[in-house]
Each structure stands twice: as structure tokens, then as C-alpha cells.
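> So that we are looking at the same thing, I have put the structure below in C-alpha cells.
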Amino acid sequence: MTKNLEITAMNKLINNINNIDWRFDVYLPKNRDKLEINTPCLLVRYEDEESLEDEKYIDSIYTYSLQIEDVKSIVENLNEQIKDPTMDQILEAIEFYIENDAFIEIPVQK
């Protein structure tokens, strides 16, 4: 396998998002129901043709979901709408983005 591959949990990904190279793609399990803090995610950075062989194995278990830059943008957007969002709110915003290719809009509380 490529040296540019790491398995982590969603909460660790989110907590360390600013320390992860922007060139990584995020793959999530194909059989997941919804994102949870312990949902495994695969970070992959393809650099050469040798890495393409790994793609067949990866695609059998995981599905491409986002780029790291997308996750950063989702978290930034949510932080603009909610002061100190919870991990559940961040996961919901990521799930929304994956399903709708758009940022979640949080209704303003009156």
C-alpha cells in the first residue's frame, strides 16, 4: 500500500483537520448508516501509479467522500453560523454536505 494512507476516526480527523495535508482525500465506509464520532475514515493521497493499484482494494470497502479542504470549509462555515458547534453538529454538517453538495444552513434562533 502507499505510504500516503491512514485510517482514523471522524472525531480525530475533525480535531486535527488543520494539521492534515490538503492533498488527502477522505474515504468513508460503504456500509455506514450515518456519521458518528468513531466512524472510521481512510485518508488517501495518491502520488504515483503504484498508488493506483491500492485504489481497487480501497474502493471495495470505502467510497470517496470528500477532500480535506472540503472538511475544513464545512467546519469553517459551521463556525460562522454557530459559536462552538458540538461534534454531533459538525458530523451532521459533513453528512449534509456529502448528501447535498452544499453547506448546511442552521436556522437563526430568535
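Coordinate-derived values only; no laboratory data. Everything quoted here is computed from the prediction, not taken from an experiment. Note that we place each Cβ from the backbone using ideal geometry, even for glycine, and neighbour counts take in every protein chain shown.
> How tilted is helix 49-61 with respect to the longest principal axis of the chain? Cα atoms for both, answer in degrees (0 to 90, nearest 10).
Long axis of 49-61 versus the principal axis of the chain: about 60 degrees.
> Which of the three applies to the chain, rounded, prolate or oblate, going by the alpha-carbon gyration tensor with a ≥ b ≥ c and a/c under 1.5 meaning rounded?
Because a/c hits 1.5 or more and a/b exceeds b/c, the chain counts as prolate.
> Run the numbers on the chain and let me know its relative contact order in percent, using alpha-carbon pairs under 8 Å that are six or more apart.
This gives 29 percent for the chain.
> Separate question: For residue 32, what is the net charge nearby, where nearby means another residue's Cβ is under 13 Å from its Cβ and Lys, Arg count +1, Asp, Glu -1?
Overall, the nearby charge balance is -2.
> In the chain, which longest range has no GluC sites (Glu not before Pro) that are both DSSP loop (not H, G, I, E or B) and surrounded by at most 16 other Cβ atoms within 10 Å?
Excluding the exposed sites themselves, the longest stretch runs over 48-104.
> Fewest to most neighbouring Cβ within 10 Å: what's the order for 63, 39?
Least crowded to most crowded, the residues run 63, 39.
> I would also like to ask the following. Could you give me the ³J(HN,Hα) list for the stretch 77-94, computed from phi with Karplus coefficients 6.51, -1.76, 1.60 and θ = phi - 60°, whole Hz, x at Gly and Pro?
After applying 6.51 cos²θ - 1.76 cosθ + 1.60, I find 4, 5, 5, 6, 9, 10, 6, 6, x, 6, 4, 4, 5, 5, 4, 5, 5, 5 Hz.
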